[in-house]
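Colleague: What follows is a structure written as structure tokens; I'll ask about it next.
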Amino acid sequence: MTLDLCSREPVCIATNDPLAAAAALISARQNTSAKRLGEPAPSGQQLRAVLGLAAHAPDHGALNPWRFVVVPMAERFRLGEAFARALADRDCGATSQQMEAAREKAQRAPLLLLAVLRAATPGSSHIPDSERLVCLGCAVQNVLLGAQALGFGSGLTSGQAMDSAHLRAMFSLAESERAICFLNIGTVQSPRPSRERPRLEDFVSTL
Ligand SMILES: Cc1cc2nc3c(=O)[nH]c(=O)nc-3n(C[C@H](O)[C@H](O)[C@H](O)COP(=O)(O)O)c2cc1C
């Protein structure tokens with residue numbers, strides 16, 4: 001098969017194409033900042049269904065090298081404190097406004113999940129962390145797409161606090177585990193235009 005990478009024609013999928021539903025779902029997902037997400041959040045049943053999709057991620061060696069932690073509203077204050085302490089640790093000159101902004105980040109999304117990588121340990125499977133991280137990324141994307149299918153918006157957040165001792169302690173991370181990103185999920189309050197996507201020729205070539 002020859003892939004025509006030079007074509008300037010937009011990739012067009014007919015609505016009756018079996019790919020159309022998947023394309024519509026995938027292309028509708030875009031990162032929505034937690035500030036733009038509000039209630040309602042997915043119900044408990046919806047959350048279980050969406051999280052179940054994570055288990056369909058490709059997984060070399062069937063290691064299940066990731067886990068998700070739900071951060072309920074009752075724990076957001078503690079998370080905010082962990083963010084603020086992480087900031088104070090790396091910047092002893094942080095102002096009270098910056099500390100408050102760090103705390104406030106924990107309060108934004110109606111539904112908040114932490115994605116944790118289970119990295120390789122000495123003597124564990126030969127599957128490297130790079131592959132485990134790909135697996136986690138696929139699991140995250142499955143969750144985001146599941147939320148999208150239910151009509152919810154989502155956004156990922158990370159930052160320097162992810163590796164902080166405060167956050168690691170709060171989530172009881174094992175030595176081999178790494179906090180990768182938070183998934184913020186809720187109802188989009190104010191949509192924004194979607195970004196321009198890279199073109200096929202920007203990321204596909206033929207050997
Ligand atoms: C692992 C990971 C961490 C991210 N962390 C942040 C973040 O801290 N803040 C943020 O605004 N966006 C974050 N994002 C979201 C990206 O900024 C977003 O995906 C990018 O702008 C592209 O937009 P799109 O998702 O709509 O295609 C993160 C994305 C990934 C994959």
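Colleague: Restricting to region 170-207, give me the number of residues that are away from the ligand (no atom under 16 Å from the Cβ), loosely packed, with under 10 Cβ neighbours inside 10 Å and either under 30 Å from Ser43 (Cβ atoms) or within 22 Å of the chain's Cα centre (by Cα) (or both).
Modeller: 2
Colleague: Let me confirm something: among Leu167, Leu145, which residue is within 14 Å of the ligand (Cβ to nearest atom), aliphatic (A, V, I, L, M) and within 19 Å of Arg108 (Cα to Cα)?
Modeller: Leu167
Colleague: Give the residues of region 46-98 that are closer than 16 Å to Leu145 by Cα and of a type in the set (S, T, N, Q), sorted by residue number.
Modeller: Within region 46-98, Gln46 is the sole residue that qualifies.
Colleague: Could you list, in sequence order, the residues of region 20-38 that are hydrophobic (A, V, I, L, M, F, W, C) and either over 18 Å from Ala106 (Cα atoms) or more than 11 Å from the ligand (Cβ to nearest atom) (or both)?
Modeller: Restricting attention to region 20-38, the residues satisfying the condition of being hydrophobic (A, V, I, L, M, F, W, C) are 20-26, 28, 34, 37.
Ala20, Ala21, Ala22, Ala23, Ala24, Leu25, Ile26, Ala28, Leu37, listed by residue number.
Colleague: Condition first: outside any strand (DSSP E or B) and within 16 Å of the ligand (Cβ to nearest atom). Can you find one or more residues in region 39-50 that meet it?
Modeller: no
Colleague: For a quick check of your reading: which strands (runs of 3 or more DSSP E) sit entirely within region 91-207 and have at least 3 residues that are small (Gly, Ala, Ser) and out of contact with any Pro (no Cβ under 6 Å at 6 or more places or on another chain)?
Modeller: Once the strands (runs of 3 or more DSSP E) in region 91-207 are filtered for at least 3 residues that are small (Gly, Ala, Ser) and out of contact with any Pro (no Cβ under 6 Å at 6 or more places or on another chain), what remains is 153-157.
Colleague: Considering region 1-40 alone, what residues qualify as being surrounded by 14 or more Cβ atoms within 10 Å (Cβ to Cβ) and at pLDDT below 95?
Modeller: Within region 1-40, just Ile13 meets the criteria.
Colleague: Identify the residue in region 148-163 that is touching a residue at least 60 places away in the same chain (Cβ under 8 Å) and within 14 Å of the ligand (Cβ to nearest atom) and, among all such residues, is surrounded by the fewest Cβ atoms within 10 Å (Cβ to Cβ).
Modeller: Initially, region 148-163 is screened for residues touching a residue at least 60 places away in the same chain (Cβ under 8 Å), giving 148-150, 152-157, 160-161.
Now drop any that are not within 14 Å of the ligand (Cβ to nearest atom), which leaves 148, 153-157, 160-161.
On the way: Gln148: 20, Gly153: 25, Ser154: 26, Gly155: 22, Leu156: 16, Thr157: 17, Gln160: 13, Ala161: 23.
Only one residue fits best here, namely Gln160.
The values are calculated or read from the model by the stated rules, or taken from the named source; none is laboratory data. Computed from a prediction, not measured in an experiment: that's the story for all the values here. In this analysis, Cβ positions are derived from the backbone assuming ideal geometry, glycine residues included, and neighbour counts consider all displayed protein chains.
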